[in-house]
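Structure record follows, encoded as structure tokens.
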Amino acid sequence: MRKLKVQLDSGAYTAHKKAITIDIDAYAEFVKEHGDEYAGCFNLDSIGDAETSYDNWKYLRKKGVDTIPIYHVGTEETYLTKYLKEADYIGIGAIANLDTTQRLLGLTHIWKTHLVDSKGMPKLKVHGLGLTAIPIMMKYPWYSVDSFTPVISAVWGSVLLPG
């Protein structure tokens, strides 16, 4: 089967917004069956709950499912440190609903203290979840980013262009 050049998102953010639960075992089975079709699959994270997000990631790994862990800006940095020791690609989430000042403060802090070396080079691949702001995309050395904003804008007849 041909590998898609897209990454699979667990849908945790949408589920959180709609107050529904995603069955982690069903997600694991889906990734086992279809994961090879994607460039990568993100962990089933728990919005604002670093411990549960980490536990889900470890659980999926025990089931033989390799997912990209997600650290949420503003949660306990001990979990970010754990991911840095155990993964070579992480996602940074919980930034979509922050205002620009909050995003910059949180992102600058974690990039400087955890994600780049003394020369400013990334220590691993980092994905920005829900990231549309071009200045923020350009400020940090992301490996990849995603956002639903361009899609929904197109639905309503808009086209996003760089400034």
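What the table below lists for this structure:
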| item | result |
| --- | --- |
| Residue-averaged 222 nm ellipticity for the chain, from DSSP H runs of 4+ at -39500 (n - 2.57), nearest 500 | -11000 deg cm²/dmol |
| The stretch 31-159 shape via C-alpha gyration tensor axes, a/c threshold 1.5 | oblate |
| DSSP bridge orientation in the chain - percent antiparallel, rounded to nearest 5 | 10 |
| The chain, relative contact order [Cα under 8 Å, separation at least 6], % | 15 |
| Alpha carbon Rg of the stretch 24-73, scaled by the compact-globule rule 2.2 N^0.38 Å | 1.07 |
| Rh by Kirkwood over Cα pairs, then Stokes-Einstein D for the stretch 73-113 at 0.890 mPa s and 25 °C, µm²/s | 225 |
| Accessible surface ranking that places the most exposed of THR75, THR101, THR81 first, with a 1.4 angstrom probe | THR101, THR81, THR75 |
| Square roots of 5 times each gyration tensor eigenvalue, C-alpha, the stretch 1-101, largest first, Å | 21, 16, 14 |
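The values are calculated or read from the model by the stated rules, or taken from the named source; none is laboratory data. Just so it is clear, the structure is predicted and the values come from calculations on it, not from any experiment. Note: accessible area is taken over every heavy atom of the protein model, side chains too, but ligands, DNA and RNA are not part of it. Shrake-Rupley method; radii C 1.70, N 1.55, O 1.52, S 1.80 Å.
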